[in-house]
Each structure stands twice: as C-alpha cells, then as structure tokens.
1. Mind pulling the per residue volume of the convex hull built on the Cα atoms of the protein assembly as shown? Å³ is fine.
2. Check B:Ile38: other-chain or 5+ apart residues with amide H under 5 Å from its amide H, H built from backbone geometry?
3. Between B:Phe146 and A:Lys91, what is the label-to-label distance in nm when each label sits 7 Å out along the Cα-to-Cβ direction?
4. Using a Cα distance threshold of under 14 Å, what count of lysine pairs results for region A:89-132 when pairs must be 8 or more residues apart or interchain?
5. Looking at region A:3-165, send over the antiparallel percent of its DSSP beta bridges, to the nearest 5.
6. Give the aspartates and glutamates whose C-alpha is closer than 17 Å to that of A:Lys172, dropping any in the same chain fewer than 8 places away, or say none.
7. Cross-link candidates for B:Lys50: which aspartates and glutamates have Cα within less than 15 Å, leaving aside residues fewer than 8 places away along the same chain?
8. Place the peptides A:115-122, A:209-216 in order of packing, highest mean first, counting for every residue the other Cβ atoms within 10 Å and averaging per peptide.
2 protein chains.
Amino acid sequence: MSKEEKIKKSFSVPLIIIGSGNVATQLVKSFIKKNIQIAQVYSPNISHAKELASITKSQFTNNLKEILKGNFIYLLCIKDEAITPFAKSFKIKEGIILHTSGSIAMNVLKHSCKHYGVFYPLQSISSNRKISLKHVPICIEASDNFTLSIVEALASIISKNIHVITSIQRKKLHLAAVIVNNFTNHLYHLAFEYLKKEKISPELLYALMIETTAKAIELSPHKAQTGPAKRKDNVTIKAHKELLKKNPDLQNIYNLFTQSIIKTYHNE
Amino acid sequence: MSKEEKIKKSFSVPLIIIGSGNVATQLVKSFIKKNIQIAQVYSPNISHAKELASITKSQFTNNLKEILKGNFIYLLCIKDEAITPFAKSFKIKEGIILHTSGSIAMNVLKHSCKHYGVFYPLQSISSNRKISLKHVPICIEASDNFTLSIVEALASIISKNIHVITSIQRKKLHLAAVIVNNFTNHLYHLAFEYLKKEKISPELLYALMIETTAKAIELSPHKAQTGPAKRKDNVTIKAHKELLKKNPDLQNIYNLFTQSIIKTYHNE
C-alpha cells in the first residue's frame, strides 16, 4: 500500500461544512469522491444547507447551536468578513476548526478551538464550472504539529500539490492571485467590450489567450514578453493611443502598461 | 473528395518567404507539413536564410535582386517597420505579395504588385515554442476577389479559422491582442517578481492562471469576474495596498484595476 493510500484509508475524521457557497460545494464534491465522510452541513439559509447536504446524504442545519460537537473537522467555507464573527460566536472543546480564505490570518480562529488551521485552495472556484482540485495548490497552516499532520492528510486526499504557508505569506500569495486572476480577467473584459463596440467577434482572441498563459508558464513571463512596448515601437503605440481616444479608461490602462513594460525591458 | 481536400490538391502556387524570424519559421513548418512548395527563402542575413531554407530544401538568398520572379506568393514575414520600405524597393509584375502584420494597412503593398493582400495569424509566435496553427484565426484581406480566393485557399490549408477582415478592423483586433497578450503577460511578470521577492514560488499560480483563461472563455470575462474589487471589499483592498507600499509601480496598477473593476460592476 502506498503512503498516499495509507493516509486515505486511515483518514477517518468526519467533516462538518460551514457554508454552502461555491467553495463549500466544490470541496464537498471533491471529498465525497474520495469517500470522506461529511457529517453535517451548516448554512444560515436552510434550503442551501439542505441542497448541499443532499449530495452528501448528511445532516444539515441553519441553527448554530445545532452544529454537532465532537471530534470533527469544522471547515469554514464562508465569506472572508464572516470568519472572525463566526469564530467569536462558535466555541468548541474538541475537533479542529479550519478556514479556507487566502487573506484572513489563521489566528482569528484561536479562541474558537484548541486546534485550528487554514486550508486554502489557490483556485478561482465557481459553482457553475466543474474543476478538478488534483493539481490545485492547497496552502495549509496549523496551530500545532498534530493539527498540521491532520490538515496535510486531508489536503493530500484531494490534491497532489500541498504547501505549508504562513498567514503573512498566504496574504501575499492571495494578492498575487488577485493580480493574475481578477486583473487578467478584467483585461479580457475590456478587450472583449472594445471589440464588441467595434463589431468584431471577441472569439478571435481565444487561441491567443490560451497560448499567452501556456507560453508564460513554459518560458517565464519575462522571456515570453513581446509587442510594441517591449520593442519600443512608438509608431504602433501612437496608433493604438489614437484608436483609444474615445475610451479614456482603457487608454489609461494602455498608457500605464506601456510605460511599465518599457521600464522593465529598457530600464527607463 | 471534400471541398478542403480539393483546395489542398489544387493549391499549386509556390511560396517565396521573405524573412527568417519566428513568424517565417512557424509558417514554413506549417506549410511544409501540408506539402506546400517553398521555392525560396530571402533574408538579409544569409546564414538565417540558409538555415530556414534547409528545412524546406529550397533556394535561399540575401540579395533582393536574386529573389525569383514569376507566379509566386511572396509572403513578407518581416518586422512591421520594414514592410513599407521593402514594398517600395520591391516591384514585381506577376504573383501576389502578402504581409503578415496585425497593424500595417494592406495598401502599403499597392505599388509593389498588382495583386496584394494580408495573411495575419492572430497568435503570439515564438521560435522556441511549438504551436499548431489549426485553430489560430488567420485574418485575411486582398486587393481583389481573385487574390482573396488564393489567400483564402492558402490560409485554409493550415487553419480551420479564416476571417476576412479590413485593415482598420485588423488594427483594432491587433490592439485587443496587445491587451490580452502583452498586458496579461506583464501582469504575470509583475506577480511573479513580487512573489520571488517575497520568497514564494510563482509556480503556485500556474493552476489559477490556466483556470482564469479557461473560465473567461467558457463563461465570458464579465460573468467570470470575482475578487475584492468586484465585491467592493474595502478591508482586503486596503490590506493589499499596504502590502504594495514599497512597490509603487505595482501599486499604481493595483489602484487603476481596482477602480476600473469597481466602476464596471458598481457603476461608479
């Protein structure tokens, strides 16, 4: 039996899922595929709790006081701003409490339970897209070594990519994730809107978008960079600014990137 | 025999490749796979011309006057700024001359040859990455219908994604390509450099980068948007700005995107 198989076989701590949104749903789906027991789902919205619990055939509640007590892993899959208030109102003597946020420090959980930690899947998770967590980094942290070994065992059941990361490193990683996910996606949005206004199909960009990401990963973004700003091709840059003169928001972004790329590659 | 097979069978116009860079190399590789004849490679650098010609077993020259004359397609795979000067110094009576640029108008070729046009593969092309052009949009344009039919036949041999696009539309498309390729790649670069400085491996972002692009294509960037700016989560935004206070360039980009995303989703 491999080390991985042993961990899976031996992992017998049932989970209690706090929350019923995208992260809760995707994690529950990943865990039940691996036969991890979900004991209960809590959500302030009873129909959401019921719906998610129906996948797992587990109990559900919308009453904080009815959350089962015992040797469980309590997995908080709730909004960042709800984590601290929840931890303050939820005190348990046994088990482990974990949150799943990129930007919230682990210590906000310390008055809730003796054993606490973080289980942060570094991925953009929506309920309307099927994703596999197998290659998704799970960034973990724990209050003590015992808890860390449990959290690591739990994470290794659904991902092959586990990293022990401190709260401050996780915060920085989350900032980088905002840059490559939220900001990249906003660039896509702006480019798509621009093309639609010009009666050109944004679909023409799909192959380029996929290749851009694949190339940056293979070569490094620094080596993959091309384009007018990299070449300091002032004729093309001027023509692009002219095209954007009725679009001041996109022009601001164009100017800032052009300056920043020129600075990076021409040391100016 | 399918229409596509007929085109391939009947396509018998040999190519002369002007240039020996990334675009020339990738196009030559794609054409020879489909048994398109390359008659000659021209490059001002004779060893580059020789190297590319060796793949195609064709003639090569670094002398403009030695470029073969006749019923050829002359495919300019040279830098944007070199196209107009080349076209001015290169006059032919037969054949078709095409350039491969996103940002140069077709008309700069009009004094070079009676039949001219554009063959623009909308992709980021490097010599150090293997790519298939099968799904890459080829944006074509031609001086007349006869030329257009030839250019279309040529494009359809290597891609299933052909679009007839005017010079002004192509210029706009190229601007959008700069946004989704050059600017996205620069965001990756900035995020990677930030993480390296903080002693965190940028590899942790790979799964997220791939998912971001796949999700934007599947759902539309507008529907795929998430994050603190979308939620107007001022606590996280403030914490991120604090993390970037020693990094004014990245902070400027952070601020501009945050404002632009808030404006998009909260109409402010």
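1. Details: hull volume 99.0 nm³, N = 536.
Dividing the Cα hull volume of the protein assembly as shown by its residues yields 185 Å³.
2. HN-HN under 5 Å from B:Ile38: B:Leu15.
3. Label-label distance for B:Phe146 and A:Lys91, simple model: 9.2 nm.
4. Lysine pairs meeting the criterion: 4.
5. On the way: 5 of 27 bridges.
In region A:3-165, approximately 20 percent of DSSP beta bridges are antiparallel ones.
6. A:Asp80, A:Glu141, B:Glu193, B:Glu198, B:Glu203, B:Asp233, B:Glu242, B:Asp249
7. B:Glu66
8. Those peptides, ordered most packed to least, come out A:115-122, A:209-216.
All of the numbers you see were taken from the coordinates with simple rules; none came from a lab. This is a predicted model, so every value here is computed, not measured. Note: ideal-geometry Cβ built from the backbone for every residue, glycine included; neighbour counts use all protein chains shown.
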